[in-house]
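Peer 1: Please find one structure pasted underneath; my questions will follow.
The values are calculated or read from the model by the stated rules, or taken from the named source; none is laboratory data. Keep in mind it's a predicted model, so treat the numbers as computed, not measured. When we count neighbours, we look across all protein chains shown, and the Cβ atoms used for this are built from the backbone with ideal geometry, even at glycine. When the accessible area is computed, the model is the full protein with side chains, heavy atoms only, and any ligands, DNA or RNA have been set aside. Shrake-Rupley method; radii C 1.70, N 1.55, O 1.52, S 1.80 Å.
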Amino acid sequence: MSTPLSGLGDGLGDVVVMTSAPQQIADHIMSSIAVGALPVGSALPPERELAAAMQVSRSSVRAALDRLERGGFIVRRRGRGGGTFVAEWDSRALAGIEDRLQEFHRTRIDLLDARAVVQNRAALLAAQRRTAAEAEEIAGLADAYAAQADAAGARLADARFHHAVALAGHNPEIVRIVTDLDRRINTGFRHDPFSPELFARACADHSAIVEAIRDGDGPAAGRLCEEHFRATTMMAG
């Protein structure tokens, strides 16, 4: 997702400082491509947006993209409808970097697991502490997600939904942890998996989470939210 989330707090640089070097930025994007989180044809955000989101220089982003283009992982197109896109890449291009990819894979699984666990608690607290207005806002955001027509819009709407759930728990430390995990998973751009089947599953999950929060059923809300994250995102780990 190329548009930074508004209202989700500052401090992204604290998370991505270790990925500021061109090779580290390239490794992150390449690893996301290799594990299927960024399918062929996916559009990357423009250089300036990646640099702003990751709080690094445009020259570092440009150098990283140059490496990825030379490796055959991305293609740049000029003019109207242009941009940077994931290319049809050859698995032989991964020769020599398997260790880095395995480390990324292990770290990603750990982060996705942690996010599912923390989101359980966030939804539980939301059900127990939300106001009536917050419950309706969460329901409205679930409807907004269901109205999306593409992956980018759905990813942003999903983030807004779950951020509202976290806020409704009225624990700023839980919100901080949720936001930090989200940033570490999506460093610089949102790329959770998306398909019509996953979208339909997410719509149903959101509806069930909303009902549990409205009913004040904390254990059910927490369980549903954790199951939702495991079913719709951990398959990409």
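Peer 1: What accessible surface, in Å², does a 1.4 Å probe find on residue 101, ignoring ligands, DNA and RNA and rounding to the nearest 10?
Peer 2: 30
Peer 1: For residue 66, put the label point 7 Å out on the Cα→Cβ axis and report which residues of segment 30-51 keep their amide N under 19 Å from it.
Peer 2: 30, 46-51
Peer 1: Something else: Compare the peptides 32-42, 155-165 by average per-residue count of other Cβ atoms within 10 angstrom and give them in order, highest first.
Peer 2: The densest-packed peptide leads the list: 155-165, 32-42.
Peer 1: Now, a different point. Please give the peptides 197-204, 58-65 ranked by average Cβ packing (other Cβ atoms within 10 Å per residue), highest first, as a rough proxy for protection. Please report the intermediate quantities before stating the final value.
Peer 2: Working: 197-204: 15.6, 58-65: 18.6.
In decreasing order of mean packing, 197-204, 58-65 become 58-65, 197-204.
Peer 1: What accessible area per residue comes out for the chain, rounded to a whole number of Å², with a 1.4 Å probe?
Peer 2: Normalised by residue count, the accessible surface of the chain is 48 Å².
Peer 1: If packing is taken as the average number of other Cβ atoms within 10 Å across a peptide's residues, how do 167-180, 117-130 rank, most packed first?
Peer 2: Highest to lowest by the protection proxy: 117-130, 167-180.
Peer 1: Under the rule of at least 5 residues apart or a separate chain, name every residue whose amide H is placed under 5 Å from the amide H of residue 44.
Peer 2: Hits under the 5 Å cutoff: 84, 85, 86.
Peer 1: Taking each pair of distinct Cα atoms in segment 72-198 once, what is the resulting Kirkwood hydrodynamic radius in Å?
Peer 2: Details: mean 1/r = 0.0585 Å⁻¹.
Taking the inverse mean of 1/r over all distinct Cα pairs, segment 72-198 comes out at 17.1 Å.
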